[in-house]
């Protein structure tokens, strides 16, 4: 009997975590004083988009059995490409850059995908380097929105993105992606 691997390839996670370490990204920001929030937003958006592209490339090169079975089921039924396929790459990106081992999915259906981040290395890195006032402006959400935009665009989905709660307000970020 063939032995299957149902887990994400640890090599992908390791490579992405080294390349997209949030602490390094924040430390490498070259911002004028006073802080240029527009430049910071653009930097984080580009970071998120690049993370998404690399997650897709590496994830497609190294599919696990769970992904293969999911794609077979989608091919048979013609359903659930949204949100299941993009969710895989969202999870690869977050599991590579954040301290948690699983994404807290709130809603996962053919119309809405919603998830919560209870911890965020990016938010914490900004807070550590620039202080709580800067961190609470939630400029780091640009990285998440950039990543989400890139992933859903790559798979041809027209979606509406929203941040329902934030680290600054409630201590967790909750994102909602609604298929148009």
Checking the conditions here, which among 69, 134 is free of Cβ contacts under 8 Å to residues at least 40 places away in the same chain and either within 25 Å of residue 167 (Cα to Cα) or assigned to a helix (DSSP H, G or I) (or both)? 69
State whether one or more residues within the stretch 9-25 are outside any helix (DSSP H, G or I), closer than 20 Å to residue 141 by Cα, more than 14 Å from the chain's Cα centre (by Cα) and without any contact (Cβ under 8 Å) to a residue 12 or more places away in the chain. no
Mind listing whichever residues of the stretch 129-138 are touching a helix residue (DSSP H, G or I) at 6+ places or on another chain (Cβ under 7 Å) and at negative phi? 129, 134, 135, 136, 137
Somewhere in the stretch 98-115, is a residue surrounded by 15 or more Cβ atoms within 10 Å (Cβ to Cβ), under 27 Å from residue 34 (Cα atoms), touching a helix residue (DSSP H, G or I) at 6+ places or on another chain (Cβ under 8 Å) and modelled with pLDDT of 95 or more? no
Considering only the stretch 110-131, I want to know if a residue exists there that is without any contact (Cβ under 8 Å) to a residue 40 or more places away in the chain, over 22 Å from residue 17 (Cβ atoms) and in a helix (DSSP H, G or I). no
Residues of the stretch 142-161 being in a helix (DSSP H, G or I) and touching a residue at least 40 places away in the same chain (Cβ under 8 Å), in sequence order, are 142, 143, 144, 145, 146, 147, 148, 149, 150, 151, 152, 154
Positions within the stretch 139-160 being surrounded by fewer than 17 Cβ atoms within 10 Å (Cβ to Cβ), in contact with a helix residue (DSSP H, G or I) (Cβ under 6 Å, 6 or more places away or on another chain) and farther than 18 Å from residue 53 by Cα, in sequence order: none
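The values are calculated or read from the model by the stated rules, or taken from the named source; none is laboratory data. Just so it is clear, the model here is predicted, and its values are computed rather than measured. Cβ: placed from backbone, ideal geometry, glycine included. Neighbour counts: every protein chain shown.
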